[in-house]
Amino acid sequence: MKRVITYGTFDLLHYGHINMLKRCKEQGDYLIVAVSTDEFNWNMKQKKSYFTYEQRKTLVEAIRYVDLVIPEETWEQKKTDVHEYHIDTFVIGDDWEGKFDFLKDEGVEVVYLPRTPEISTTQIKQDLYGEEKD
Ligand code: C2G
């Protein structure tokens, strides 16, 4: 059983997220998604998500490709998560290209996949409300 993990905010869930999670699952048999908590989003990513962590967790758990959702609370937790959850492969969008290569030292395959180019949470907000910031 090949175990895969990925991380993200997944706010205003859209088909770009779904495309990514589908391809994450294609990398193995069991997919864990670490969803950023509200505190992590605000303190570390200066992001204020529209949906709370609990709401985003509920949405991501409902996706057929996802087997388990855990909270993402720190940047550093990836290094321990991969051992705690016996991860074979780490996957994330290529907007993070190279940023998590250190996980290879933990014996984990690191895969960066192309994003779905034309959609983003920011774009949705701009289209709907004309807001500039994420
Ligand atoms: N994504 C995508 N296509 C989009 C938008 C997002 O493939 N149009 C992917 C991202 O590349 C990422 C995942 O969907 O792999 C989640 O995206 P975000 O919610 O924007 O996550 P991010 O803010 O990049 O947080 O520790 C890692 C961070 O938590 C990642």
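The values are calculated or read from the model by the stated rules, or taken from the named source; none is laboratory data. Please read all numbers here as calculations on a predicted model, not as lab measurements. Cβ sites come from the backbone with ideal geometry, for glycine too, and all protein chains shown count toward neighbours. Just so you know, the surface numbers come from the protein's heavy atoms only, side chains and all, with ligands and any DNA or RNA stripped out. Shrake-Rupley method; radii C 1.70, N 1.55, O 1.52, S 1.80 Å.
Residues of the range 98-122 that are in a helix (DSSP H, G or I) and at pLDDT 95 or above: Asp101, Phe102, Leu103, Lys104, Asp105, Glu106.
Against the test of being out of contact with any Ser or Thr (no Cβ under 8 Å at 6 or more places or on another chain) and modelled with pLDDT of 95 or more, the options Lys125, Lys57 yield a single qualifying residue, Lys57.
The requirement of being of a type in the set (Gly, Ala, Ser) and more than 8 Å from the ligand (Cβ to nearest atom) is fulfilled somewhere in the range 89-103, by at least one residue. With respect to the conditions (1) part of a loop (DSSP other than H, G, I, E, B); (2) out of contact with any helix residue (DSSP H, G or I) (no Cβ under 6 Å at 6 or more places or on another chain); (3) within 13 Å of the ligand (Cβ to nearest atom), Arg64 falls short on a single one, namely (3). Applying the criterion of being within 13 Å of Ile63 (Cβ to Cβ) and in a strand (DSSP E or B) to the residues of the range 4-24, the residue that is farthest from the ligand (Cβ to nearest atom) is Thr6.
In the set (1) within 12 Å of the ligand (Cβ to nearest atom); (2) without any contact (Cβ under 8 Å) to a residue 40 or more places away in the chain, Arg56 fails one condition alone, (2).
Checked against (1) over 17 Å from Arg115 (Cβ atoms); (2) of a type in the set (A, V, I, L, M); (3) part of a strand (DSSP E or B), Ile87 meets all criteria but (3).
Within the range 67-88, being open to solvent by less than 20 Å² (accessible area, probe 1.4 Å) and away from the ligand (no atom under 11 Å from the Cβ) holds for Val69, Ile70, Val82, Ile87. When the range 89-111 is filtered for residues that are open to solvent by 40 Å² or more (accessible area, probe 1.4 Å) and of a type in the set (Ser, Thr, Tyr), nothing remains.
Would you call Lys48 part of a loop (DSSP other than H, G, I, E, B), more than 10 Å from the ligand (Cβ to nearest atom) and open to solvent by 20 Å² or more (accessible area, probe 1.4 Å)? Taking the combined requirement at face value, the residue satisfies it.
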